[in-house]
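Please read the structure below before turning to the comments.
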């Protein structure tokens, strides 16, 4: 059953169908720039998709099939990011949005086309998997605006881009091509603009067919390794051990023996 919910006056849209969640950034007249209200809405949308709609994977994209996101809406900076005090409040909402993507219990796939700048680039960096069109362009223009990028989000750039490419992106503010980011491992695939939607949906559906408990344990283990977090690694080990007593493990074994596709329930 398809479910939908709008956040931030419709500028963040969440939809679920067949265990696949879709979250759209909807501000196409401004190249899907993200307003303060939209930043605040992103954690709400992730929560709704995972907890209420019970999706097993989230697909993140910009509306309009042209641009992923130009990043934070600079037109708001005069009031909402005018000094250190206001910037701290503003960036706290940024950080919560990045964390919602990064820490979502289910895998998040970013489908990237056109412009992917600043905060939009940050959201993509926080995702688990990234597929982009051949003409996608990436940049972190913070240094050209005279401000610093949120430190917690820089970690996502370093993990996704690698140390050298992250430095290049942050120090120069220059644009990077999809080809360059595929070469450094930030992108798992590059595709044509016409094929992006179908290709990312195919990947999302393949993930959604797998056991939710297994996906959650794997995502947590990967994050633990990336962060060198021993406590998180132990938590991932506990989750992994729990899968052996799950109904899904019994279903997986039965389906394998019967040569059929398993039907997982997340229990």
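No lab work stands behind these numbers, since they all come straight from the coordinates. The model shown is predicted, which means the values in this text are computed figures rather than measured ones. Cβ coordinates were reconstructed from backbone atoms using ideal geometry, including for glycine residues, and neighbour counts include every protein chain displayed.
Brief remarks follow.
- Check on residue 216, assigned to a helix (DSSP H, G or I), farther than 30 Å from residue 117 by Cβ and in contact (Cβ under 8 Å) with a residue 24 or more places away in the chain: yes
- Subset of region 19-42 (residues that are in contact with a helix residue (DSSP H, G or I) (Cβ under 7 Å, 6 or more places away or on another chain) and farther than 28 Å from residue 77 by Cα): 19, 20, 21
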